[in-house]
Amino acid sequence: MKKIERRHMIESLSKVRDYISIADLVAAIGVSESTIRRDIDDMERKNLLFRDQGLIIWNQPDKSHLEKVYYRQSQNVGTKKFLAEKASALVLDKDVIFIDTGVTMFHLACAIGYDKSLTVVTNDLSIALELEKRPQINTIVLGGTIRHGTHTLNGEFAVRNLSGLRFTKMFTSAGCIHPDEGFMYYNLQATELRKKIAPLAEKVIVVADASKFSSIGFVTGIRFDQCDLLITDGIPDEFRGKLSPKTELRIFEKD
């Protein structure tokens, strides 16, 4: 692949999702890490992009995208917490569950009662530290490479640690929900992990606020027909026919 082609791809991938890691660029473009690093060094010298906490960010003039780097934490927090609390009612004694990363999933972990005895597997260090407060919960952290700025562990090592595991429930959110692509995300490596976990769960539960609909993400993750239950505060009419017949829809409207 020619240098100019690689750099066009770096620009496109950086622009479409606010930020991207070097590992994601390597996987998406299909060249060596050293090649990507040389391209990035040159583009950074030309002030086309910059690095923040190990992430590659396209150099937009107003820098407003920096507010989105860490999970878009300021967006719809009240609704995310509300939906997470509703979803937490599905966590039962003796469950063996996977809790994905993200703001909604963190609030789900916070909402799990201190009276519940179960096993939780996660790749999110913030969630693991929250669950550490509950001695009756057996918390397992998947190993892997730390993704800077997100407190998550991803990569091939995390995938290998799934060997032999089975879950009663998988809880995940979504970067966005597209009518044709399904549940989409912004990180390639983390999405590969989700794809591996979904078939290992008896029930896949997606918790996503209404703002997630009708946008486009970086990579397709869980398909509509893999989702057993979708918890949201609202869904556009055009999406209702797109969901799989097996998917139960629960809508909770926040006062």
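So what is the calculated 222 nm ellipticity per residue for the chain, using -39500 (n - 2.57) for each DSSP H run with n of 4 or more, over all residues, to the nearest 500 deg cm²/dmol?
-9000 deg cm²/dmol
Of THR232, MET184, THR172, which is farthest on the positive side of the dipole of the range 145-240, counting Cα position, with +1 on Lys and Arg Cβ, -1 on Asp and Glu Cβ, and the Cα centre as origin?
Positive-most Cα among the choices belongs to THR172.
List the residues whose amide H sits under 5 Å from the amide H of ALA201, counting only those 5 or more places along or on another chain, with H placed 1.01 Å from N in the peptide plane.
PHE167
Where Rh denotes the Kirkwood radius from the mean inverse Cα pair distance, what is Rg over Rh for the range 101-164?
Taking Rh as the inverse mean 1/r over Cα pairs, Rg/Rh reads 0.98.
Over the chain, what is the mean sequence separation of C-alpha contacts under 8 Å (at least six apart), divided by residue count, expressed as relative contact order in percent?
15
In Å, what Rg and Dmax follow from the Cα atoms of the range 163-255?
Cα-based Rg and Dmax for the range 163-255 come out at 12.7, 43 Å.
Which order do you get for THR104, THR119 if you rank them by accessible area with a 1.4 Å probe, largest at the top?
Putting THR104, THR119 in descending order of accessible area: THR119, THR104.
Compute, for the chain, the length of the dipole vector about the Cα centre, with Cβ point charges of +1 (Lys, Arg) and -1 (Asp, Glu) only. Units Debye, rounded to 20.
Dipole size: approximately 420 debye.
State log₁₀ I(q)/I(0) for the range 81-131 at q = 0.31 Å⁻¹ as given by the Debye formula over alpha-carbon point scatterers of equal weight, solvent excluded.
Scattering profile of the range 81-131, log10 relative to I(0): -1.42.
Check cross-link reach from LYS94 to the aspartates and glutamates: straight Cα distance under 18 Å, and skip same-chain residues fewer than eight apart.
Filter leaves ASP115, GLU132, GLU202.
So for the range 96-255, considering every pair of alpha-carbon atoms, how many percent are separated by more than 28 Å?
Of all Cα-Cα pairs in the range 96-255, 18 percent lie more than 28 Å apart.
Work out the length of the dipole vector of the range 106-255 about its Cα centre, built from +1 on the beta-carbon of each Lys and Arg and -1 on the beta-carbon of each Asp and Glu, and round it to the nearest 20 debye. Don't jump to the answer; show the numbers that get you there.
Values: 18 positive and 18 negative charges, 96 e Å.
The dipole magnitude comes to about 460 debye.
The values are calculated or read from the model by the stated rules, or taken from the named source; none is laboratory data. All of these numbers come straight from a predicted model, not from anything done at the bench. For neighbour counting, all protein chains shown are included, and Cβ atoms are generated from backbone atoms with ideal geometry for every residue, glycine included. Side chains included, ligands, DNA and RNA excluded: accessible areas come from the protein's heavy atoms. Shrake-Rupley method; radii C 1.70, N 1.55, O 1.52, S 1.80 Å.
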